[in-house]
Amino acid sequence: MNGSAARKLLVLVGPTGSGKSETAIRLAQALDGEIISADSRYLYRELNIGTAKPTPDELTLVPHHLINVTTLDNPWSLGVYQKVAHHLIQQINLRGHLPILAGGTGQYVRALTEQWEIPAQAPEHQLRDAIALWGQRIGFDALHQRLARLDPEAAQFIDYRNKRRTIRALEVIFSTGQRFSDQRKKSISPYQQLIIGIAWPRELLYERIDARIDAMFAAGLVEEVQELVDSGYAEALKRMGIIGYSEVLQHLEGKCSLEEAKEMIKHNTRVFVRRQANWFKANDPKIHWFNATDPAMLAHMLDLIKAVF
RNA sequence: GGACGGUUACCCAAGUGGACAACGGGGACUGACUGUAAAUCAGUUGGCAGAGGCCUUCGGAGGUUCGAAUCCUUCACCGUCCA
């Protein structure tokens, strides 16, 4: 392919704790790359220890994007993320650098690699609350039946028990006057892209994660959460449901011991790893998986990348 | 030594003669996902079969009954109390 014409995109995926951040830095150093984070929790300045965000030192090694770009008061959503990320990919290509999209938020990655067209309607919380209230009154089954009348297709792919998605679909329909299902599309990626993944044997990955969580506590996770609570972010943390923060918060509220909180974090992180695997499947033909236990993993990645770009 | 109470599937636990392969929860597995996504939600979870269905399970052994996880006898183990 004529390299100057098509915009390039290297994508690095893998479960939490797989070493994406570190690998992305190595790749960027070797390939004159810039990293675009695809991690929904790295966006927030206030979240640090519990998210295993790259350290300030690491962030200076190569250009990083979409880390610490907003605050908990002003949460980003898929639409904002997607728009900014597309723009960054373009800019980095224009600079003659290689954009490296690295992260574990499957939805964000797919929205870019599959060129999702998402409903233009930004979240409208008042409307959502109103719909939720309505649902409480008439019953959420009835709410879903209402959706089925307005947009049968959407009602088919949204489970009637999934309140959040039912409400969002209705929100979009009411605000735009158009069917939700007509406003979501996907197509071929506009990028010349290569997706690589870091694969670990589960047990080894779990061990790494456990060790990392112990290290988070040693590094002051409890203090970080306490500071957030003191700054009035308890509700925001609860609403977002961030692993590590939710559990410590429960401990700070006296609902469980510190040790229990730690165990819950370990367990919830494991569950999260498995749910991430729904987006990044071992048998996905689009993902080129590399074995993390191979000492030459990075060299193999570079061989493939250089062959493609 | 005696008196009660208990032993149910990976774990906890309901079930005390028939609708029981056995409620529920946890865990695990699989999946969905289009502006909260580290969110939200679903299916499966004794074995075999595409289904009807068939086979093996409720601590062990034996018995009663047309029929037992459920009743009886006995053995084993655990718990509390009395010696």
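FYI, it's all coordinate maths here, none of it is from the lab. None of these values were measured; they are calculated from a predicted model. Here Cβ is always computed from backbone atoms with ideal geometry, including for glycine, and neighbour counts include all displayed protein chains.
One residue stands out in region A:127-166 among those that are surrounded by 15 or more Cβ atoms within 10 Å (Cβ to Cβ) and within 9 Å of RNA strand B (Cβ to nearest atom): the one that is nearest to A:R184 (Cα to Cα), namely A:A154.
Where the second residue is away from RNA strand B (no atom under 14 Å from the Cβ) and among the β-branched types (V, I, T) and the first is under 12 Å from A:V222 (Cβ atoms) and lies in region A:245-262, which pairs have Cβ atoms under 8 Å and are six or more apart or on separate chains? If the second residue must be away from RNA strand B (no atom under 14 Å from the Cβ) and among the β-branched types (V, I, T), the pairs left are A:V248/A:V222; A:L249/A:V229; A:H251/A:V222; A:L252/A:V222; A:L252/A:V229; A:L258/A:V222.
Just for region A:238-265: of the residues that are outside any loop (DSSP other than H, G, I, E, B) and within 10 Å of RNA strand B (Cβ to nearest atom), which one is nearest to the chain's Cα centre (by Cα)? If we take residues in region A:238-265 being outside any loop (DSSP other than H, G, I, E, B) and within 10 Å of RNA strand B (Cβ to nearest atom), then A:M240 is nearest to the chain's Cα centre (by Cα). Look at region A:33-58: where a residue is over 22 Å from A:K83 (Cβ atoms) and a partner is assigned to a helix (DSSP H, G or I) and of a type in the set (S, T, Y), sitting 6+ places away or on another chain with Cβ atoms under 6 Å, you get A:G50/A:Y245; A:P54/A:S21. Condition test on A:S189, is it touching an Asp or Glu at 6+ places or on another chain (Cβ under 7 Å) and in a loop (DSSP other than H, G, I, E, B)? Yes; evaluated as a whole, the condition is true for this residue. Considering only residues in region A:192-202 that are outside any strand (DSSP E or B) and surrounded by fewer than 19 Cβ atoms within 10 Å (Cβ to Cβ), the one that is farthest from RNA strand B (Cβ to nearest atom) turns out to be A:P201.
Within region A:70-113, the residues that satisfy the criterion of being in contact with a strand residue (DSSP E or B) (Cβ under 7 Å, 6 or more places away or on another chain) and of a type in the set (S, T, Y) are A:T70, A:T71, A:T113. A Cβ distance below 8 Å, combined with a sequence gap of six or more or placement on separate chains, defines the contacts here; from region A:274-287, residues that are touching a residue at least 24 places away in the same chain (Cβ under 8 Å) and among the β-branched types (V, I, T) reach residues that are near RNA strand B (Cβ under 8 Å from one of its atoms) and in a loop (DSSP other than H, G, I, E, B) in the pairs A:I287/A:K281.
A:K83 meets each of the listed conditions (1) surrounded by fewer than 16 Cβ atoms within 10 Å (Cβ to Cβ); (2) in contact (Cβ under 8 Å) with a residue 12 or more places away in the chain; (3) more than 29 Å from A:V229 (Cα to Cα) apart from (2). The residue pairs whose first member lies in region A:113-135 and is among the acidic types (D, E), whose second member is near RNA strand B (Cβ under 10 Å from one of its atoms) and assigned to a helix (DSSP H, G or I), and whose beta carbons are closer than 7 Å, counting only pairs six or more residues apart or on different chains, are A:E124/A:E171.
When the test is whether a residue is away from RNA strand B (no atom under 11 Å from the Cβ), of a type outside the set (D, E) and under 30 Å from A:K306 (Cα atoms), A:Q178 does not pass it.
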